[in-house]
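The values are calculated or read from the model by the stated rules, or taken from the named source; none is laboratory data. Bear in mind that the values here come from a model prediction, so they are computed numbers and not experimental data. Don't worry about glycine lacking a Cβ; one is built from the backbone with ideal geometry, like all the others, and counts go over all protein chains shown. Just so you know, the surface numbers come from the protein's heavy atoms only, side chains and all, with ligands and any DNA or RNA stripped out. Shrake-Rupley method; radii C 1.70, N 1.55, O 1.52, S 1.80 Å.
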Amino acid sequence: MEIYQTGLSMGNNPNHFSKVGDCQNTTGYFLGIFDNPRGAKEYRLGDEYEYLQETIDYFAGSFYRQSKSVKGGSNVAFVLNSMYSDTEECESGETPLACEVRLYQPSFAIVRMEKWGKKPVEQYEMYMRQIIEFLISKGVVPILATKADNSEGDFSVNYTIAKLAYEYDIPMWNFWAAAYPLPDHGLRDDGFHLKVGYIQFDNPLAMKLGWPVCNLTALQTLDAARKFAASIGE
């Protein structure tokens, strides 16, 4: 992958990935458990998914890291607005996205921008293009994520995400497809937030809930990215 190889030549770390997004990306729910912040192995992969431990080890440190480009209650425009940057660690005029890339030098970035409501999808697309093109310019491979909800009412956000992934020839994690067969599509009564459950991939009850399936499929996506990178050499 040309983007990945360019990033390595620019000094990006092959063992780093960053998160870019809203409250659905906070470490307490999304992927953070794989860094064992409490010093104990609190997740269960089970026999079927034991192979994912290699990817957990490979990206150790990225899972629980507090990304400068994640903020609860934000939308797709926030990471491009320097008003929302960390004043202690980010440079003057630097956007949250630029700050995160400069500080952490990731090779991959999971871009998971879900909240948009009834705003014109054309604006969502405009901001997403800016995010994608910035990441590519820095040699960071964007991994676009579809969303489980349909808060906009016509699935136009997921359609836009898929269209952009195809256009830019970049990876897409189709979480919508994984969540759709779940009871209530893995969503709480508000139709947006995911149902919480133990991260136990060998627990049939847990795997009917949104968050366990979200963490599993995100980890599988990172596993595929790691293996593809290894296949072209670092």
Inset, instruction - Mind listing whichever residues of the stretch 194-209 are under 23 Å from residue 22 (Cα atoms) and buried (at least 18 other Cβ atoms within 10 Å of the Cβ)? - result: 194, 195, 197, 199, 209
Inset, instruction - Scan the stretch 199-234 for residues that are under 20 Å from residue 55 (Cα atoms) and either without any contact (Cβ under 8 Å) to a residue 12 or more places away in the chain or in a loop (DSSP other than H, G, I, E, B) (or both) and jot them down. - result: 199, 201, 202, 227, 230, 231, 233, 234
Inset, instruction - Output the number of residues of the stretch 59-79 satisfying the condition of being open to solvent by 50 Å² or more (accessible area, probe 1.4 Å) and either part of a helix (DSSP H, G or I) or more than 23 Å from residue 148 (Cα to Cα) (or both). - result: 3
Legend entry - Qualifying residue in the stretch 82-100 (condition: crowded, with 17+ Cβ neighbours inside 10 Å and among the polar types (S, T, N, Q)): yes
Legend entry - In the stretch 17-50, the residues that are at pLDDT 85 or above, surrounded by fewer than 24 Cβ atoms within 10 Å (Cβ to Cβ) and not in a loop (DSSP other than H, G, I, E, B): 32, 33, 35, 44, 50
